[in-house]
Amino acid sequence: MTPKVVHVAVGVILKDQQVLLALRPDKLHQGGRWEFPGGKVEAGETTAQALARELKEEVDLDIAGSTPWFELQYAYPEKTVLLDIHLVQDFAGKAKGLEGQPVRWVPLSELNQYQFPDANQPILDKLINEFGR
Ligand SMILES: Nc1nc2c([nH]c(=O)n2[C@@H]2O[C@H](COP(=O)(O)OP(=O)(O)OP(=O)(O)O)[C@@H](O)[C@H]2O)c(=O)[nH]1
Ligand SMILES: [Mg+2]
C-alpha cells in the first residue's frame, strides 16, 4: 500500500532580511523545532487559501497573496509530507502566536542557530542562497 502524503502549505514570510519562525509545541510531530508557519491543506482548498487561513489562525497575519516557491517531499519514519512552500512578502498585521507558541522574526544571518524539522534543510539552503547577503 502506498502511504498517503500529507499536503502542507508552508509560508516563508519575509520582511527586511528577516523571516518569521514559530516554535512547534513539544507534543506535536517534530515538536520543539522552529517552523515556518502553515498547516495542512484541507479538501477543496488551494494551497494559497490554506496558507492564508493558517497564517491568520496561527500568527494573526493577513496576507494579500503568496507566491509558490517550490515543493519538497520528505518521508519521516511516521509519515510523508509534501511541503508546498510559498513566499509571503505582502501582509498586514503584527505577528503573534495565537496558539500560545513563541514566534520570532529572525535575521537570515542567524538561521543557523535554530533547529528545524528534518525536512526543512532545502528551504534553509534556498533562503540563504536567494535572499541572504
Ligand atoms: N507548518 C510547518 N509544518 C512543517 C514544516 N516542516 C515540516 O516538516 N512540517 C510538517 O508538516 C506537517 C503539518 O504541519 P502542521 O502541524 O503545521 O499542520 P496543522 O497546522 O494543520 O496542524 P493540525 O493538524 O494540528 O491542525 C507536520 O507533520 C510538520 O511536522 C514547517 O516548516 N512548517
Ligand atoms: Mg501548523
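For this structure, a couple of remarks:
- Cα centroid separation - segment 1-52 against segment 66-133, whole Å: 8 Å
- Taking label positions 7 Å along the Cα-Cβ direction at both PHE70 and ASN112, the computed distance is 1.9 nm, reported to one decimal.
- A Förster distance of 30 Å, applied to the separation of the beta-carbon atoms of LYS27 and GLN121, puts the FRET efficiency at 0.80.
- Using a simple spin-label model with pseudo-atoms 7 Å out from Cα toward Cβ, LYS15 and LYS94 lie 1.0 nm apart.
- Think of segment 5-131 as having a plus end and a minus end, set by charges on the Cβ of Lys, Arg, Asp and Glu; of PHE91, PRO107, LEU127, PRO107 sits farthest toward the positive end of this dipole.
Read-outs throughout are calculated quantities, based only on the coordinates presented, and are distinct from any laboratory measurement. Just so we're clear, the structure is a prediction, and the values are computed from it rather than from any experiment. Positions of Cβ are backbone-derived with ideal geometry, glycine not excepted, and every protein chain shown enters the neighbour counts.
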